[in-house]
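Visitor: I have a structure here, written as structure tokens, and I will follow up with some questions on it.
The values are calculated or read from the model by the stated rules, or taken from the named source; none is laboratory data. Bear in mind the structure is a predicted one, so any value in this text is a computation, not a measurement. Ideal geometry is used to build each Cβ from the backbone, glycine not excepted, and the neighbour counts take in all protein chains shown. Protein only, heavy atoms only, side chains kept; ligands, DNA and RNA dropped before computing areas. Shrake-Rupley method; radii C 1.70, N 1.55, O 1.52, S 1.80 Å.
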Amino acid sequence: GPIMSTKNVIFSNPGDVMGVKLIGFEKLEAKLTKNMDLSAVKTVVKKNGAEMQKKAMEEAPVLTHHLQKSIMLEITDGGMTAEVESTAEYAGYQEYGTRFMKGKPHIRPAFDEQKGKFKSDLGKLVR
């Protein structure tokens, strides 16, 4: 059946504090099974990706709206994967926190909430 995959990628450069970059990135990935209509699958991927992006934006801490606006949706793998990622340099600090402040996760909760719906939407396509 459909397979969910999630990736958390963290890049950091401890030597140069100003250059530290952390990115949290979550992915909804459709794996095809027999008798699945390809265009229907792509529609499900796109719709769920957009919903996940919206949820992440709603969950993001609002300071200047910069973080919200930095949450991007990318459809990859020929329409089979939706990736939601924050491009703001400080997004990782907001998501995971630091030793000086508590994090306000927004990408991961959006993913956790969306993945069940994504699975169920894909399941409906399997005849």
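Visitor: Restricted to the range 59-73, and to residues that are free of Cβ contacts under 8 Å to residues at least 24 places away in the same chain and of a type outside the set (Val, Ile, Thr), which residue is farthest from residue 42 (Cα to Cα)?
Guide: 63
Visitor: Name the helices (runs of 4 or more DSSP H) wholly within the range 34-109 that hold at least 2 residues that are among the aromatic types (Phe, Trp, Tyr) and surrounded by 13 or more Cβ atoms within 10 Å (Cβ to Cβ)?
Guide: Helices (runs of 4 or more DSSP H) meeting the threshold: 91-96.
Visitor: Could we say that residue 20 is at pLDDT 50 or above and open to solvent by less than 70 Å² (accessible area, probe 1.4 Å) here?
Guide: Working: at pLDDT 50 or above: no; open to solvent by less than 70 Å² (accessible area, probe 1.4 Å): yes.
No; evaluated as a whole, the condition is false for this residue.
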